[in-house]
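Notes follow the structure.
The values are calculated or read from the model by the stated rules, or taken from the named source; none is laboratory data. Small disclaimer: the values here were computed from a predicted structure and weren't measured. Here the Cβ positions follow ideal geometry from the backbone for every residue, glycine too, while neighbour counts run over all protein chains shown.
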Amino acid sequence: MTNKLFRTLKITCLCMALTAALPIVSFADEQTAVNENKKVVTIIHLDENGNPLEKDKQTETTTESSEENTDTASEEKNTDDTAADSAEAEEADADEENADDEEVLEAEVDVEDDLRSEIVTYALQFVGNRYKYGGTNPNTGVDCSGFTSYVMRHAAGVELPHSSGGQSRMGRVVSSSEMRPGDIISYGSGKRINHVALYIGNGQIVHASTEKTGIKVSRWNYRTPVRIVNVLGD
């Protein structure tokens, strides 16, 4: 009887074991079938220590990085635009400062004195001719003091040194309210005279200006005059 009871218990345990194992096998088969039809790929982001990051934290990190890049690009663009605007403004200021000197004027001659009228008329025939440093002939190229000395010699018989500083010390000093066509106006930087021109009346001068502009007509005060002299003795 004892042996029969033992066999019965053994069979019962075996049946229970098989019954318990069936769901496990069925579940495994079901999962395998699902995985065969659909592959799921999961990307896990790790921190610098190799630990997984939470999804929300990773998203926030990416978003913050993107915003930082956008802000940096925006700041760089604003910096470039400011630099471009600044360069453009400086160039405009430089052009404005040179506007008076670059302006081409037509001489307005209104001279009563015969000699002075002849000097002005003689000088104006050379407008448009070239400037040449050290030159003494307005037909081939002349500098500022070479031009005034050439005109005064040929139109009035007055000899002037080929030097802007030397010409400023010739004759008699006059004020701007006393100056007349044919007078010499000197310009400079500080105490040094570096340019001379011939006054032709109506607030204008004729002078050998620069290599770029040559002999031209300008306002008498396009630069601040240093001295005005009457070299004709009248």
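The residue pairs whose first member lies in the range 153-167 and is farther than 13 Å from residue 198 by Cα and at pLDDT 95 or above, whose second member is among the small types (Gly, Ala, Ser) and surrounded by 14 or more Cβ atoms within 10 Å (Cβ to Cβ), and whose beta carbons are closer than 6 Å, counting only pairs six or more residues apart or on different chains, are 162/145; 162/146; 162/149; 163/145. Checked against the criterion of being at pLDDT below 95 and either of a type in the set (D, E, K, R) or not in a helix (DSSP H, G or I) (or both), the candidates 233, 128, 134 yield just one match: 233.
Consider the range 130-153 and keep the residues that are over 21 Å from residue 220 (Cα atoms) and of a type in the set (Lys, Arg). The one that is surrounded by the most Cβ atoms within 10 Å (Cβ to Cβ) is 132.
Entry remark, the range 182-197: residues being of a type outside the set (Gly, Ala, Ser) and surrounded by 23 or more Cβ atoms within 10 Å (Cβ to Cβ) number 4 in total. Scanning the range 154-173 for residues that are outside any helix (DSSP H, G or I), among the hydrophobic types (A, V, I, L, M, F, W, C) and surrounded by 15 or more Cβ atoms within 10 Å (Cβ to Cβ) turns up 158, 160, 170. The residue list 140, 148 contains one member that is free of Cβ contacts under 8 Å to residues at least 24 places away in the same chain and among the β-branched types (Val, Ile, Thr), which is 140. Just to be sure I understand, how many residues within the range 193-208 are farther than 14 Å from residue 144 by Cβ and assigned to a strand (DSSP E or B)? Adding up the residues that qualify gives 3.
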